[in-house]
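Working notes, beginning with the structure itself.
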Amino acid sequence: AEIPKYSPTREAMGYQQWGALEAMLFGLRYIADSVDTDETSMIRNMIEMLPELPEEPNIKYMKLMTLGQYARFLSHHPDLMMDIGASLIFDGLSDSQVARAAAVALKQVAQFCQYSLPLEFFNKWDQSTVESFNLNLRIDEECEVLAAISICILEMEPN
């Protein structure tokens, strides 16, 4: 496969180092719908290793997209969502290179997990949280973020 010339990250990081990792995450995303929600070993380990993967933007993007695809699994394992998913998503929303992937993941998680996540997850959203996001996005990307945030707002406890 030819590597696009416009991507300085690929050249700086060395595509060979992370290309296989990106492909593995893509494969894991592809099988997410067929994973049994009661499976507790392999998928749990996979989700637990996501924060340990490199912070290279393409890998970060795929980590978030993978996390979102496993929202159905996470709805049966809210501890993983609280311990790992929340920090990945909130960090992603603060990074304009991956904010759209974080918004997609948040939207998927919020839709699947709204009844299984503790309210503290949804109550993390306040004005200062939203203002801290580095949203320098296209309008379609902003729509993804706003849709995700609106799902969370629906679940928040009134103050």
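The values are calculated or read from the model by the stated rules, or taken from the named source; none is laboratory data. Just so we're clear, the structure is a prediction, and the values are computed from it rather than from any experiment. Ligands, DNA and RNA are stripped out before the accessible areas are found, and what is left, the full protein with its side chains, is counted by its heavy atoms. Shrake-Rupley method; radii C 1.70, N 1.55, O 1.52, S 1.80 Å.
At a glance:
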quantity: Accessible-area composition of region 21-92, carbon plus sulfur, in percent [1.4 Å probe]; calculated: 55 percent
quantity: Potential extension, ALA23-SER87 segment - 0.36 nm per residue separation minus Cα distance; calculated: 20.7 nm
quantity: Extended-chain gain in nm, criterion 0.36 nm per residue less alpha-carbon gap, ASP140 and ARG44; calculated: 31.3 nm
